[in-house]
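The values are calculated or read from the model by the stated rules, or taken from the named source; none is laboratory data. Being a predicted model, the structure only gives us computed values, none of them experimental. Neighbour counts run over all protein chains shown; Cβ positions are idealised from the backbone, glycine included.
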């Protein structure tokens, strides 16, 4: 396991079986950088994301979350970053969020 500063675009060198981003994407100003990094060094990725369940985004800001991708916006982000959603699962549903876990495979 290695710790990195994703928003600073500093990533470890090497090839990996899988990149895991749990509880990270909500805090990133440019999540596409993380997807691009992962694409260059792994063929699989596991990510979690708390999608907004309402239009009230104030609670996201209280958590320090920067972005608010709907499920459709998230699908677009993965496709534009050349990842395929192989599997998704609802992890937790709360009044203002739906937390999903995604298994992504590199779309070659």
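Okay, here's what the table says:
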quantity: Matching option when the condition is surrounded by 14 or more Cβ atoms within 10 Å (Cβ to Cβ), touching a residue at least 12 places away in the same chain (Cβ under 8 Å), over 11 Å from the mean Cα position of the chain (by Cα) and farther than 14 Å from residue 104 by Cα, among 11, 27, 37; calculated: 11
quantity: The listed residue being in contact with a strand residue (DSSP E or B) (Cβ under 9 Å, 6 or more places away or on another chain), closer than 21 Å to residue 18 by Cα, surrounded by 12 or more Cβ atoms within 10 Å (Cβ to Cβ) and in contact (Cβ under 8 Å) with a residue 60 or more places away in the chain, out of 44, 79; calculated: 44
quantity: Any hit, the stretch 50-64, residues being crowded, with 17+ Cβ neighbours inside 10 Å, touching a helix residue (DSSP H, G or I) at 6+ places or on another chain (Cβ under 7 Å), in contact (Cβ under 8 Å) with a residue 12 or more places away in the chain and under 21 Å from residue 16 (Cβ atoms); calculated: no
quantity: Any pair with Cβ under 7 angstrom, 6 or more apart, that starts in the stretch 90-103 at a residue that is within 15 Å of residue 65 (Cβ to Cβ) and ends at one that is outside any strand (DSSP E or B) and at pLDDT below 95; calculated: 96/53; 96/54; 96/56; 96/59; 97/53; 98/53
